[in-house]
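The values are calculated or read from the model by the stated rules, or taken from the named source; none is laboratory data. Computed from a predicted model, the values in this text were never measured in an experiment. Quick reminder, even Gly has a Cβ in these numbers, built from the backbone with ideal geometry, and neighbours come from all protein chains shown. Surface accessibility is based on the protein's heavy atoms, side chains included, excluding ligands, DNA and RNA. Shrake-Rupley method; radii C 1.70, N 1.55, O 1.52, S 1.80 Å.
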Amino acid sequence: MKMSTSKTRAKHIRFPHQMLSDIQESLKQESSENFSAWVIEACRIRLRKRH
């Protein structure tokens, strides 16, 4: 098991194949390779909608 830092922890999730392809395409358009940052931003947007 990977160790976590004091502020982050790994969480493994499954994505539908098409969604992963769509995310990869979005990352290419943004000239980014940071999948984790993309997912974290999407989660933050979703959490803000709850409040």
Query raised in the report: Quick one: what Rg and Dmax do you get for the chain from the alpha carbons, in Å?
Result: 13.0, 34
Report summary line: Any trypsin sites (Lys or Arg not before Pro) in the chain that lie in a DSSP loop and have at most 15 other Cβ atoms within 10 Å would be LYS2, LYS7, ARG9, LYS11, ARG14
**Report entry** Solvent-accessible heavy-atom area per residue, rounded to whole Å², over the chain at 1.4 Å
**Finding:** 108
Report task. Measure nothing fancy, just the Cα-based angle from helix 17-29's long axis to the longest principal axis of the chain, in degrees from 0 to 90, nearest 10. Result -> 80
**Report entry** the chain - percent of accessible surface contributed by carbon and sulfur, probe 1.4 Å
**Finding:** 53
Report task. Check each of the GluC sites (Glu not before Pro) in the chain and keep only those in coil by DSSP with at most 12 other C-beta atoms within 10 angstrom; list them in order. Result -> GLU30, GLU33
